[in-house]
Amino acid sequence: MKQIILVFLVCCLAAVNAMAQGRTITGKVTSREDGTGLIGVSVILKGTSTGVTTGLDGAYQLNVPAEGGTLLFKYIGYQQLEVVIGSQNEVNASLVTDTKNLKEVVITGYGEQDRKTLTSAQTSVSAKAIENIPAAGSDQLMQGRAAGVQVSSNSGTPGGGVFVRVRGTSSINGSSDPLYVVDGVPIQANNLSGVGVGGGTTSPIADINPADIESMEILKDASATAIYGARAANGVVLITTKRGANKKAKISFGSYYGAQTAPRMPDVVDGPTNERLQNEAAANNWIDSYGSLNALNPKGDPFKAPFANPDAAITTDWADAVFRTGILQNYDVSVSGGSDKVQYMVSGNNFNQEGILRAMDFDRKTGRINLDFFPVDKLKVGTSMLYARTKRNRLRNDDSIFGAVPGSFSIPTNLPFYKEDGSYTKFSIFENPIAAVEEGHHVMNTNRFLGSIYGEYEILNGLRLRSSFSLDYTGLQEDLYDNTFLNSGAGSNGFGQSVAATDNNWIQENVLSYQFGKADHAFNVLVGTTLQESSFDRTIATGEQFPSNDFRKIISAAVQRASSESTSWGIASLFTRINYDFKSKYIATINVRRDASSRFGKDNRWGTFPSIALGWVVSEEPFFKESIESISSLKLRASYGITGNQSGITNFQSLGTWSGTPYADLPGISPVQLANPDLKWETTAQTDIGIDLGLFQNKLNLTADYYVKKTTDLLLAVPLPKTSGFSSQVQNYGSLENKGIELGINATVLQKGDFNWDANFNIAGNRNKITKLAAPFNVYNRDIFRYEEGYPMYSFYFHEQTGVDPQTGAPIFKDVNGDDKFDPNVDRKIVGNANPDFFGGLTNTLNYKRFDLSFFFQYSYGNEQLNWNRFFGEHGGTRQFGFMGSQLDRWQKPGDNTMIPRMSQANYNANLRPSRFLEDGSYLRMKNITLGYALPTSLIEKAGISAARIYVSGQNVLTFTKYSGLDPEITGTASTTLTQGIEFYSVPQPRVFMGGFNVTF
């Protein structure tokens, strides 16, 4: 026994000595996907507790026995790797992403969640889907990529506004734009411009650099949006920007350069044709008045044509003189990386877009810093900061007669650019287009800061407290000067306007979340509070009678006027959410939010907005797994909830207000509105039923939803008896309904060798209807929109033209009231609306070796588009306009079959609103096509470049439509919120071709 013990001790000493005589190995752990070093990888000697973690560049150093052993490499999101050391002193490892076990995490309100257990209707737009699509604003990147989200540009003006509707329009008087939340901060998205330039608006979302975006999540049903309560009735768009990671520093640089042109030009007749049409109209009007061409008028003068020799007329191309090829250029640079203590992303951007109209452009410069610190165990602090400076050179167009586009449509082409004395040719009320682009001065500068700081502490395992403070500040300076060469400045010897405005919005939030579970039960609970205040200040100064055009500031004007305004509102909120799932199979989500708004009376300030959603992952059931192999996943969803909207009223609408009203040069006050302390929130109740289906190992994924949204207690002006002293009072009266179906399909069409083809398709149809209204009302110029119970919003109110009498050339209109005669004053009706029957998009992405090709189609079907330019460009010679090309299809002789009447004053009565100007606005548009090539590593690695790609791209390349105007998508009256689907002297969206590159170091 002593001998055995002695042998055992000797063996132990030998083993200890062998360990003491071990060796040190080094190595580097990288990602096989992009070759970058991975920080924090666990490197363990198998069978022991000996191990280290990799450093900043993925490097490690470890003591091992002399005989070696086996190393285990472990890293979250990657497949575990074992490597035999053998006699090597350097052991490198390349880890592969674990796609099987890696969860698809999506951002939700105040958190994130595995898509498998998501119960809400939510659509994601990833950075990968939009990274190669140049766009000025992030809202444009959603177009056609999310089912149920209707996006259309209001105009082709650079930096212009965008029309966005999530599952239809949910308010009449209030805003129906979604709530935008950037990195957890609800931001202001109002048009701050104080100078009227027609129907165009600007987009504050254009301040955000699209290259900074990591993902966009569009929350659609009440289960997803109710956590935002009073501002979520129109949907929520969550924008998450890129952040640093526990990886070595990565420097990225990208740039593109391109040119843009107008895809269509104004359709007007040439000079000789213009004069012939004027002669024809004059002759027809003479016949109508005096019976024949040979008849004598009361003075005894025979008919005489206005133009004696039309063939000798000149042709002036007004549009060609002011439209141009605009240059588009963009430069992006970013640095990201970090360690286990600090992670960062810093970026800069310079974007410049020349408009397709001369003197119109948009310039944006942004800088962003996203930082996350881990100073001590369980504590995380950080910040997100954006500074953006934008400059817009603007022109009057879009629902204005004073711009370059109105003049291009309306000034006759037989007139020259300039008079004989060198001055601009003037015609009627329209501005000379060349004068509009050369003499006007309208500059809008904005400075925007969007920043937040936060701290997050893990109190217990799974229990976290996060507190944040955010600020969204915009400062605006806008200057306009119309000199004496312009119609708008000639009569006042120069007209100037200056606007200074600030919009300040701060938010303080606290969120306590607890994630815990037991056995097969998992809970995620959060409670939170929010305080928000928004204040707006604006001063407007105007001046007239300037000493000369060299003096443009208001101080130089002989006549000066100024006004100022200031307003603010605030919201206080409490909210909670409970997520529960059993075996990731039975899922439930409950949200409750209470909001109090300063806009309402003290008895109705608080509103409660709850929601509940249930989900069943059928594919997790044992009977399903055993019986159906082709279906990879199947989830059924249902939700119901209530959200709110406070934007239907101004900040003091519930109060009886007075304004200063001077009388006889003495100060005084007068009443403005009656108080209504009973005002409360507009509320939208939404029911959603959905299904998520994955087929063939999730190579084909389908998502379908049916929803019904009912908005009640609309904030509308209700007529009052005249005895009240007021014409109306804002009350909660009225209701709306939106219901529809959405379908989204994501498919891996083909995977074979080096070739890969992915396709994404979505389609949605929404039906909007006004279900309760105090009284019908009309809006916009000549009352061409009507809001009436039983009809959808954006309904067109016209005289329904059924044809033209083939014998006389007179228009034929429908007798609406059935009295067997047509009366323009009463025989008008709703003849269509601007809402599409369905809309969506199709994206195809193909990859072959180092080549990639993507093409994206966006479409809309069944929407009426009003070509309001035709109303003024088709006439009987009595209006002070040129002629549009459609006039050539007019009735000229008995037997002609057409919709364009005989040219005479009687057939183009100013009281008529013929429905023929309402056209089919359906279209299919190739919105983007991009071809790229990734350069081989062997060519770029010597320059220290890890990845490089070059590409060419086109936007708005092809449009298939029956619409005769410039663009079937735009709305030139966007500043009038109750209108949609009108082209009226609007700038079309440009066709763009560009080339660019992306480089990563």
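For the reader, a short list of remarks on this structure follows.
- Count - residues of region 901-949 that are outside any helix (DSSP H, G or I), more than 28 Å from the chain's Cα centre (by Cα) and touching a residue at least 60 places away in the same chain (Cβ under 8 Å): 15
- Residues in region 714-747 that are charged (D, E, K, R) and surrounded by fewer than 18 Cβ atoms within 10 Å (Cβ to Cβ): 722 only.
- Condition check for residue 400: touching a Gly at 6+ places or on another chain (Cβ under 6 Å), touching a residue at least 24 places away in the same chain (Cβ under 8 Å) and either surrounded by fewer than 24 Cβ atoms within 10 Å (Cβ to Cβ) or of a type in the set (Phe, Trp, Tyr) (or both): yes
- 1 or more residues closer than 20 Å to residue 166 by Cα and basic (Lys, Arg): qualifying strands (runs of 3 or more DSSP E) within region 700-775: 700-712, 735-752, 755-772
- Residue check, residue 713 modelled with pLDDT under 95 and closer than 30 Å to residue 788 by Cβ: yes
- Looking only at region 142-166, residues that are surrounded by fewer than 22 Cβ atoms within 10 Å (Cβ to Cβ) and either part of a loop (DSSP other than H, G, I, E, B) or modelled with pLDDT under 85 (or both) come to 0 in all.
- Residue within region 115-132 that is farther than 29 Å from residue 770 by Cβ, touching a Phe, Trp or Tyr at 6+ places or on another chain (Cβ under 8 Å), buried (at least 22 other Cβ atoms within 10 Å of the Cβ) and touching a residue at least 60 places away in the same chain (Cβ under 8 Å) present: no
- Looking across region 75-87, the residues that are surrounded by 14 or more Cβ atoms within 10 Å (Cβ to Cβ), at pLDDT 85 or above and over 11 Å from residue 25 (Cα atoms) come down to 81, 83.
- Qualifying residue in region 656-677 (condition: within 34 Å of the chain's Cα centre (by Cα) and either under 19 Å from residue 567 (Cβ atoms) or among the hydrophobic types (A, V, I, L, M, F, W, C) (or both)): no
- Candidates 353, 343, filtered to the one that is under 18 Å from residue 39 (Cβ atoms) and in contact with a Leu (Cβ under 9 Å, 6 or more places away or on another chain): 343
- Residues (surrounded by 14 or more Cβ atoms within 10 Å (Cβ to Cβ) and among the acidic types (Asp, Glu)) located in region 602-620: 620
- Identity of the residue in region 822-851, over 30 Å from residue 770 (Cβ atoms) and outside any strand (DSSP E or B), that ends up farthest from the chain's Cα centre (by Cα): 849
- Selection from region 35-49 of residues that are surrounded by 15 or more Cβ atoms within 10 Å (Cβ to Cβ) and outside any strand (DSSP E or B): 36, 39, 40, 41
- Residues being buried (at least 21 other Cβ atoms within 10 Å of the Cβ) and β-branched (Val, Ile, Thr) - total across region 242-272: 2
- Every test in (1) surrounded by 15 or more Cβ atoms within 10 Å (Cβ to Cβ); (2) of a type outside the set (Lys, Arg); (3) within 18 Å of residue 565 (Cα to Cα); (4) out of contact with any strand residue (DSSP E or B) (no Cβ under 7 Å at 6 or more places or on another chain) is passed by residue 647 save one, and that test is (3).
- Only one of the numbered conditions (1) in a strand (DSSP E or B); (2) of a type in the set (Ser, Thr, Tyr); (3) surrounded by 15 or more Cβ atoms within 10 Å (Cβ to Cβ) is not met by residue 484, and that is (1).
- Within region 864-900, tally of residues that are outside any helix (DSSP H, G or I) and either in the same structural domain as residue 783 (by TED's automatic domain parsing) or touching a Leu at 6+ places or on another chain (Cβ under 9 Å) (or both): 9
- If the condition is being touching a residue at least 60 places away in the same chain (Cβ under 8 Å) and surrounded by 13 or more Cβ atoms within 10 Å (Cβ to Cβ), then region 806-825 contributes 806, 808, 809, 810, 811, 813, 824.
- From the list 605, 637, the one residue that fits, being touching a strand residue (DSSP E or B) at 6+ places or on another chain (Cβ under 9 Å), farther than 12 Å from residue 688 by Cβ and among the basic types (Lys, Arg), is 605.
- Residue count for region 830-851, restricted to those that are closer than 30 Å to residue 913 by Cα and surrounded by fewer than 17 Cβ atoms within 10 Å (Cβ to Cβ): 1
- Residues that are in contact (Cβ under 8 Å) with a residue 24 or more places away in the chain and of a type in the set (Asp, Glu) number at least 2 in the following strands (runs of 3 or more DSSP E) confined to region 174-250: 213-219.
Residue-by-condition table, conditions (1) closer than 30 Å to residue 498 by Cα; (2) of a type in the set (Ser, Thr, Tyr); (3) touching a Ser or Thr at 6+ places or on another chain (Cβ under 8 Å); (4) assigned to a strand (DSSP E or B):
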{"position": "539", "(1), (2), (3), (4)": "yes, yes, yes, yes"}
{"position": "570", "(1), (2), (3), (4)": "yes, no, yes, yes"}
{"position": "577", "(1), (2), (3), (4)": "no, no, yes, yes"}
{"position": "610", "(1), (2), (3), (4)": "no, no, no, yes"}
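- Checking region 684-699 against the condition returns no match, with no residue being free of Cβ contacts under 8 Å to residues at least 40 places away in the same chain, at negative phi, under 30 Å from the mean Cα position of the chain (by Cα) and in a strand (DSSP E or B).
- Within region 111-139, considering residues that are β-branched (Val, Ile, Thr) and out of contact with any helix residue (DSSP H, G or I) (no Cβ under 8 Å at 6 or more places or on another chain), the one modelled with the lowest pLDDT: 117
A quick yes/no check of all residues on (1) farther than 24 Å from residue 251 by Cα; (2) buried (at least 20 other Cβ atoms within 10 Å of the Cβ); (3) touching a Pro at 6+ places or on another chain (Cβ under 8 Å):
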position: 933; (1), (2), (3): no, no, no
position: 968; (1), (2), (3): yes, yes, no
position: 973; (1), (2), (3): yes, yes, no
position: 981; (1), (2), (3): yes, yes, no
position: 998; (1), (2), (3): no, yes, no
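- Scanning region 852-878 for residues that are surrounded by fewer than 18 Cβ atoms within 10 Å (Cβ to Cβ), of a type outside the set (Ser, Thr, Tyr) and more than 21 Å from the chain's Cα centre (by Cα) turns up 853, 862.
- Matching option when the condition is at negative phi and assigned by TED's automatic domain parsing to the domain that holds residue 405, among 966, 912: 966
- Within region 341-359, residues that are not assigned by TED's automatic domain parsing to the domain that holds residue 249 have Cβ atoms under 6 Å from residues that are at pLDDT below 95 and in a strand (DSSP E or B) in no pair, counting only partners at least 6 apart in sequence or on another chain.
The values are calculated or read from the model by the stated rules, or taken from the named source; none is laboratory data. All values reported here derive from a predicted model rather than from experimental measurement. Here Cβ is always computed from backbone atoms with ideal geometry, including for glycine, and neighbour counts include all displayed protein chains.
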